[in-house]
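Scroll down for the structure; my scribbles are underneath it.
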Amino acid sequence: MVDTPSEEAAESAAALDDAASTLVNVWGRVHNGPDVPVPSTQLRALFVVERGPVNVSRLAEELGALVSSASRLCDRLEASGLLARDPGRDRREVTVRLSADGQALLDRLRRRRREELTRVLASMPAPALAALLWGLSEFHEAASKPGADGDSVSMPA
């Protein structure tokens, strides 16, 4: 017997999809701002590398790109001072990590995203804001359960 989602869950999914689209637009305004020195693909790579040093092959996998493309992307990020390369343990593998400037860029973007979100949330009535926070907490918990696939999503922090 297959469980089918309730009508309420389906309606909630549609509302969440709309809200997520709005959230992505808010993030996009920040990430694509005139003072962001790199295009979105390079920014995405920086967010991947922020989780911890990775080799170029792993970065390519995370980005859904060819290793050669990821390597060229790393060349550009290194040239702009946002990424650093370190020789791997066996010297055949290169590990990439954020430079101090790369981390500073991501920290600045994170602050600006939160400022934008704070402006939106400040316009909401207190009961709606409390309900949203509760709902987001419950969603995070449900999506983080084993088998929910919420922990396999690679999004910027």
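The values are calculated or read from the model by the stated rules, or taken from the named source; none is laboratory data. Please read these numbers as outputs of a predicted model, since none were measured by experiment. Note: ideal-geometry Cβ built from the backbone for every residue, glycine included; neighbour counts use all protein chains shown.
Of all residues in the stretch 63-95 being among the aliphatic types (A, V, I, L, M) and over 21 Å from residue 36 (Cα atoms), which is surrounded by the most Cβ atoms within 10 Å (Cβ to Cβ)?
Within the stretch 63-95, the subset among the aliphatic types (A, V, I, L, M) is 63, 65-67, 70, 73, 77, 79, 82-84, 94.
Next cut, over 21 Å from residue 36 (Cα atoms) only: 65-67, 94.
On the way: 65: 17, 66: 10, 67: 14, 94: 14.
That would be 65.
Being in contact with a Leu (Cβ under 7 Å, 6 or more places away or on another chain) and surrounded by 15 or more Cβ atoms within 10 Å (Cβ to Cβ), is that true of even one residue in the stretch 108-119? No, every residue in the stretch 108-119 fails to be in contact with a Leu (Cβ under 7 Å, 6 or more places away or on another chain) and surrounded by 15 or more Cβ atoms within 10 Å (Cβ to Cβ). For the residues 44, 29, the requirement of being of a type in the set (Lys, Arg), touching a residue at least 60 places away in the same chain (Cβ under 8 Å) and farther than 18 Å from residue 75 by Cα singles out 29. Considering the stretch 120-143 alone, what residues qualify as being surrounded by 10 or more Cβ atoms within 10 Å (Cβ to Cβ) and within 20 Å of residue 24 (Cβ to Cβ)? The answer is 120, 121, 124, 132, 133, 135, 136, 139, 140, 143.
Which is in contact (Cβ under 8 Å) with a residue 40 or more places away in the chain and more than 30 Å from residue 140 (Cβ to Cβ), of 99, 71, 80?
Details: 99 fails: in contact (Cβ under 8 Å) with a residue 40 or more places away in the chain; 71 fails: in contact (Cβ under 8 Å) with a residue 40 or more places away in the chain.
One residue alone meets the criteria, 80.
Residue count for the stretch 71-98 under the criterion of being farther than 15 Å from residue 48 by Cβ and assigned to a loop (DSSP other than H, G, I, E, B): the result is 8.
Annotation note: of 113, 72, 97, 92, the sole residue that is over 23 Å from residue 27 (Cβ atoms) and at pLDDT below 95 is 92.
When residue 107 is tested against the conditions (1) at pLDDT below 95; (2) within 29 Å of residue 133 (Cβ to Cβ), the lone failure is (1).
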